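Engineer: Dropping the structure in here first, questions after.
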Amino acid sequence: MTDRLWQREPEVVDARRSTLAILAASQIFGGIGFGAGLSVGILLAEEVTSSEGWAGLARTSTTIGAALLAIPLAAVAIRAGRRAALGGGWVLAALGSALLVLAAQPVGHQVATVALVAGMTLAGAGSAVSLQSRFAATDLAEPTRRSRDLSLIVWATTVGSVLGPNLGTPGEALSRALGIAPFAGPFVIATVMQLVAAGLLFSLRVDPLTLARRFTTIVGAVPTRPRLRQTLHTAWSVPSSRLALIAICAAHTVMVSVMTMTPVHLEHHGFGVTVVGVTISLHVLGMYGLSPVWGAAADRFGRATLLTTGAVVLLCAAAVAGWSGGAAVPVTIGLVLIGLGWSIVMIAASTLLTEAHAEADRARVQGLSDAAMNACAAIGAAGSGPLLGLIGFGGLNLIAAFVVVAAVVLAASTGSLRAVRRAPLLG
């Protein structure tokens, strides 16, 4: 190759534009389906299991499923391209939604429970695909525009994330029309939406990862399939990649842990579904609504600056929410700030992780990152309930602040943060 960036070749520019458009559209349709599961799935889990404990385990299955499927989906992307991995992932999510339709029917307790857990686990594929779509946006991006392209796909998630949780009423109307159980309707809609997302991704004329390999693979190089331990070593041995992993896992753990227990905290203080719904909706807007702003800022001011900013915002969020007592407004402000902090860190760290590795290692490290962040989130979600009971909402936020501080100390002690400012951008 000449000094000209391969990302500026005409076929790459055309492929990048169509890829971003299809990725954004698939995020909207798939997000609608996934959002339905997040809201109605909680109610369905409680109805099927008749136990808050088992319902909590069923809800955690979605996060566990996302963690378990992240690395296999990345492996599929390496072997067959993003089209197969992302499209196939939405098909798995649609299968999960179909199983949840079955779980809502009067099919017997055991069958319904198995269908519920299996369905919510497969629904985690929707989360895994949504996360890996942001990386797909960087496959053909110019080095100086990686954060912006990535952030556009994160922003597209806003539409589905806001519409999806509000499918309860339309879903009930559909259930009546089809003569099925009330909780089944939203998952019928989810199944259709996720299949549409899969169809969009399968329609990609040019696979972005396959096209990128044409310009970045060394002629005569023999592809290898490193084991998980080797991938982990690769990810951890590069300082900027290590920083990205620490930041992504810490921010996601904090966000999921506090967000999961916020509805319970508000309910304990006498607030109803409306207040809870508004709080979570504003939190989701904080997570995704300003993504393009953070993407442009990361490209303009650097990844390290945005990571530092995100850490400060998360600490402020923990302070506001933790000292809120039983008041709804401070809790809502704190949740919005957590969403903003998560978004800032996620966009900057995801871009940093991508550019820390050559193309041959990127997809595997990206899959490892998504698996790690969802595993950490599952642990955080599982522990947040007992922590709320033992030390209250203020104590839970104090633990969240400690996680942020610990991440900063770990990054500083390993020299990762300092190294980021000197790391070159890999084309």
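Engineer: For segment 266-289, enumerate the residues that are under 16 Å from the mean Cα position of the chain (by Cα) and in a loop (DSSP other than H, G, I, E, B).
Structural biologist: GLY289
Engineer: Another one. Looking only at segment 292-304, count how many residues are in a helix (DSSP H, G or I), over 21 Å from THR158 (Cα atoms) and touching a residue at least 40 places away in the same chain (Cβ under 8 Å).
Structural biologist: So the first thing to find is which residues in segment 292-304 are in a helix (DSSP H, G or I), and the list is 292-301, 303-304.
The next check asks that each one be over 21 Å from THR158 (Cα atoms); those that pass are 299-301, 303-304.
Narrowing further to those that are touching a residue at least 40 places away in the same chain (Cβ under 8 Å): 299, 303-304.
The total comes to 3.
Engineer: Sticking with this structure for a sec: Report whether or not LEU38 is assigned to a helix (DSSP H, G or I), at pLDDT below 90 and either under 23 Å from LEU201 (Cα atoms) or within 24 Å of the chain's Cα centre (by Cα) (or both). Quick ask: steps written out before the conclusion?
Structural biologist: On the way: assigned to a helix (DSSP H, G or I): yes; at pLDDT below 90: yes; either under 23 Å from LEU201 (Cα atoms) or within 24 Å of the chain's Cα centre (by Cα) (or both): yes.
Taking the combined requirement at face value, the residue satisfies it.
Engineer: A further question on this structure: Among all residue pairs at least 6 apart or on different chains, which show Cβ distances below 7 Å where the first residue, located in segment 84-98, is in contact (Cβ under 8 Å) with a residue 60 or more places away in the chain and the second is not in a helix (DSSP H, G or I)?
Structural biologist: none
Engineer: Look at ALA84 and say whether it is of a type outside the set (Val, Ile, Thr) and buried (at least 24 other Cβ atoms within 10 Å of the Cβ). Full working, then the answer.
Structural biologist: On the way: of a type outside the set (Val, Ile, Thr): yes; buried (at least 24 other Cβ atoms within 10 Å of the Cβ): no.
Judged against the criteria, ALA84 is not a match.
Engineer: Could I ask something else about it? Which residue pairs have Cβ atoms under 7 Å apart, sit 6 or more places apart or on different chains, and have a first residue in segment 146-162 that is assigned by TED's automatic domain parsing to the domain that holds ALA212 and under 13 Å from ARG134 (Cα atoms) and a second that is among the hydroxyl-bearing types (Ser, Thr, Tyr) and not in a helix (DSSP H, G or I)?
Structural biologist: ARG146/THR138; ASP149/THR138; LEU150/THR138
Engineer: Over 23 Å from ILE280 (Cα atoms) and free of Cβ contacts under 8 Å to residues at least 60 places away in the same chain, is that true of LEU368?
Structural biologist: Values: over 23 Å from ILE280 (Cα atoms): yes; free of Cβ contacts under 8 Å to residues at least 60 places away in the same chain: no.
No.
Engineer: Still on this structure, I have one more. Take THR354 and decide whether it is farther than 21 Å from VAL258 by Cβ and out of contact with any Gly (no Cβ under 8 Å at 6 or more places or on another chain). If you could, list the steps in order and put the result at the bottom.
Structural biologist: Values: farther than 21 Å from VAL258 by Cβ: yes; out of contact with any Gly (no Cβ under 8 Å at 6 or more places or on another chain): yes.
Answer is yes for this residue.
Engineer: Moving to a separate point now. Picking from GLY380, GLY389, which residue would you name as being part of a helix (DSSP H, G or I), in the same structural domain as ALA311 (by TED's automatic domain parsing) and modelled with pLDDT of 85 or more?
Structural biologist: Numbers: GLY389 fails: modelled with pLDDT of 85 or more.
One residue alone meets the criteria, GLY380.
Rundown of residues vs (1) at pLDDT below 90; (2) of a type outside the set (Gly, Ala, Ser); (3) touching a strand residue (DSSP E or B) at 6+ places or on another chain (Cβ under 9 Å); (4) over 20 Å from SER127 (Cα atoms), yes/no style:
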| site | (1), (2), (3), (4) |
| --- | --- |
| ALA173 | yes, no, no, yes |
| GLY185 | yes, no, no, yes |
| GLN194 | no, yes, no, no |
| ARG213 | yes, yes, no, yes |
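Engineer: Which of the residues that make up segment 343-364 are of a type in the set (A, V, I, L, M) and surrounded by fewer than 24 Cβ atoms within 10 Å (Cβ to Cβ)? Working first, answer last.
Structural biologist: Of all residues in segment 343-364, those of a type in the set (A, V, I, L, M) come to 344-349, 352-353, 356, 358, 360, 363.
Across segment 343-364, the qualifying residues are ALA358, ALA360.
Engineer: Considering only segment 354-372, I want to know if a residue exists there that is among the acidic types (Asp, Glu), over 25 Å from GLY124 (Cα atoms) and modelled with pLDDT of 85 or more.
Structural biologist: If we filter segment 354-372 for residues that are among the acidic types (Asp, Glu), which is where we start, we get 355, 359, 361, 370.
Now restrict to residues that are over 25 Å from GLY124 (Cα atoms): 355, 359.
Of the ones still in play, those that are also modelled with pLDDT of 85 or more are 355.
Yes, the conditions are met somewhere in segment 354-372.
Engineer: Just to be sure I understand the filter: pairs with C-beta atoms under 8 Å, separated by 6 or more residues or on different chains, first member in segment 317-342 and surrounded by fewer than 20 Cβ atoms within 10 Å (Cβ to Cβ), second member of a type in the set (Phe, Trp, Tyr). Which pairs pass?
Structural biologist: ALA328/PHE271; PRO330/TRP323
Engineer: Now, a different point. Out of the residues in segment 102-121 meeting the condition of being crowded, with 24+ Cβ neighbours inside 10 Å and assigned to a helix (DSSP H, G or I), tell me which one is nearest to the chain's Cα centre (by Cα). Step through it out loud before you land on a result.
Structural biologist: Going residue by residue through segment 102-121, those that are crowded, with 24+ Cβ neighbours inside 10 Å are 103-104, 116, 119-120.
Next, only the ones that are assigned to a helix (DSSP H, G or I) stay: 103, 116, 119-120.
Details: ALA103: 25, LEU116: 21, GLY119: 18, MET120: 16 Å.
By that ranking, first place goes to MET120.
Engineer: Continuing with this model, one more query. For THR157, which of the numbered conditions (1) surrounded by fewer than 19 Cβ atoms within 10 Å (Cβ to Cβ); (2) part of a helix (DSSP H, G or I) fails to hold?
Structural biologist: Against the list (1) surrounded by fewer than 19 Cβ atoms within 10 Å (Cβ to Cβ); (2) part of a helix (DSSP H, G or I), THR157 comes up short only on (1).
Engineer: For SER324, state whether it is part of a helix (DSSP H, G or I), closer than 26 Å to VAL408 by Cα and in the same structural domain as PRO386 (by TED's automatic domain parsing). Give the derivation first.
Structural biologist: Details: part of a helix (DSSP H, G or I): no; closer than 26 Å to VAL408 by Cα: yes; in the same structural domain as PRO386 (by TED's automatic domain parsing): yes.
For SER324, the condition - part of a helix (DSSP H, G or I), closer than 26 Å to VAL408 by Cα and in the same structural domain as PRO386 (by TED's automatic domain parsing) - is not met.
Engineer: For segment 181-209, how many residues meet the condition of being surrounded by fewer than 17 Cβ atoms within 10 Å (Cβ to Cβ) and not aromatic (Phe, Trp, Tyr)? Break it down stepwise before answering.
Structural biologist: Of the residues in segment 181-209, the ones surrounded by fewer than 17 Cβ atoms within 10 Å (Cβ to Cβ) are 192, 199, 202-203, 205-206.
The next check asks that each one be not aromatic (Phe, Trp, Tyr); those that pass are 192, 199, 203, 205-206.
Residues that pass the stated criteria total 5.
Engineer: So, one more: So, of the residues in segment 234-261 that are among the polar types (S, T, N, Q) and touching a Ser or Thr at 6+ places or on another chain (Cβ under 6 Å), which turns out to be modelled with the lowest pLDDT? First the steps, then the outcome.
Structural biologist: Step one: list which residues in segment 234-261 are among the polar types (S, T, N, Q), which gives 234, 237, 240-241, 253, 257, 260.
Checking the rest, the ones that are also touching a Ser or Thr at 6+ places or on another chain (Cβ under 6 Å) come to 257, 260.
On the way: SER257: 88, THR260: 79.
Within segment 234-261, the match that is modelled with the lowest pLDDT is THR260.
The values are calculated or read from the model by the stated rules, or taken from the named source; none is laboratory data. Since we're looking at a predicted model, the values are computed, not measured. Note that each Cβ is placed from the backbone with ideal geometry, even for glycine, and that neighbours are counted across all protein chains shown.
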